[in-house]
Structures are given as C-alpha cells and as structure tokens.
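Q: I'd like to ask you about the structure that follows.
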Amino acid sequence: MEAEKAISELTAEHFSPTFLRNGTVYGLSPRMRFDTVLNDLTAAAVALLIAAYFVGFAVAIILFVLGMAGFLIRRNLLVVFLALELMLNAGALALLSFGRVHADMGAHVLFFLVVALVINQSRSGWFVTQGTARSLEGRRRQEVSLRAARQPAA
C-alpha cells in the first residue's frame with residue numbers, strides 16, 4: 001500500500017500508474033476489481049459448455065456404436081429395428097448437444113423431427129414383426145393341416 005501511494009504521487013499527464021490487486025487475497029477494497037471475477041465466471045462457463053459438448057457427443061457415439069453392433073450382429077428382426085431406433089436416438093442426442101453448445105434452436109427442431117421418425121420407425125417395425133409372426137403362424141397351421149390330410153385314417 002505504501003508503494004502504491006508513492007507511485008501515485010508520480011502521476012503526470014503522460015504517466016498514469018495502474019495497480020493490479022488480488023481481490024480474493026486482500027478482501028474487499030474501495031476500488032474492487034470485478035473483471036477478475038467476470039474472467040473466472042467466463043472461463044467456468046466455457047469449460048462447462050465444452051464438457052457438455054464432448055460428453056453429449058461421447059454418449060451419442062457410444063449409443064450409435066451399440067446400435068450398429070446390434071444391427072450387424074443380430075438376426076432377429078425385432079432386435080434389428082431396436083438397433084435402428086438406438087442409432088436414431090444417438091443422432092438426436094448429438095443434435096441436442098450441438099444445439100445447446102451453439103445456442104441454435106434449429107437443432108432442437110430437428111430433434112423433434114428425429115423423435116417423430118423414431119416413433120414411426122418403431123411402430124412400423126412392430127407391424128412388420130407382427131405380420132411376419134402371423135404369416136409364419138399361418139404357414140405352420142397349413143403344414144399341420146397338410147400333414148393331417150396326408151396321414152391315412154385309421
């Protein structure tokens with residue numbers, strides 16, 4: 001403080017000293033510097049946005065890879081449709097994290113379109129699997145009736 005007072009006395013037309021203080025160490029002062037607090041808050045906000053961006057994309061990538069593995073490995077039609085739904089949900093999550101980081105509402109609108117697509121895909125998948133099951137059941141009935149017709153009456 002003594003040094004600041006001594007240097008302040010040297011103030012002239014072409015020389016104006018600026019003193020940088022550590023506000024958190026020295027406590028409140030009459031000329032408190034809030035720019036350091038603003039810098040800290042900005043850095044924390046940017047760190048949170050970056051974390052949200054990468055965490056959202058990391059989860060989306062994991063979901064997409066799981067869906068792709070289910071699509072390629074499984075042979076059951078219902079599981080294939082569930083894997084496709086998982087991949088579409090991963091894309092929707094990536095859209096949401098992108099929209100949040102870039103403050104873009106268009107990504108949120110696309111999210112609702114993807115959700116509508118997922119709903120229609122799951123509904124059509126259900127109808128396809130039910131139709132396949134009914135078709136197989138009908139064929140089994142025909143085979144049983146043909147077998148019964150081929151057997152001689154006793």
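Please treat every number below as a calculation from the coordinates, not as lab data. Just so we're clear, the structure is a prediction, and the values are computed from it rather than from any experiment. Neighbour counts run over all protein chains shown; Cβ positions are idealised from the backbone, glycine included.
Q: Please give the contour-minus-distance gain from residue 117 to residue 66: 0.36 nm per residue of separation, less the Cα-Cα distance, rounded to one decimal in nm.
A: Full-extension gain reported as 16.4 nm.
Q: Give, in nm to one decimal, the length gained when the segment between residue 52 and residue 136 is fully stretched (0.36 nm per residue of separation minus the Cα-Cα distance).
A: Gain in length upon complete extension: 25.5 nm.
Q: Each residue of region 64-72 in order: what ³J(HN,Hα) in whole Hz does its phi give by Karplus 6.51 cos²θ - 1.76 cosθ + 1.60, θ = phi - 60°, with x for Gly and Pro?
A: Karplus values, whole Hz, x for Gly and Pro: 5, 5, 4, x, 5, 5, x, 5, 7.
Q: So if we plug the beta-carbon distance of residue 5 and residue 44 into 1/(1 + (r/R0)^6) with R0 = 35 Å, what FRET efficiency do we get, rounded to 0.05?
A: 0.50
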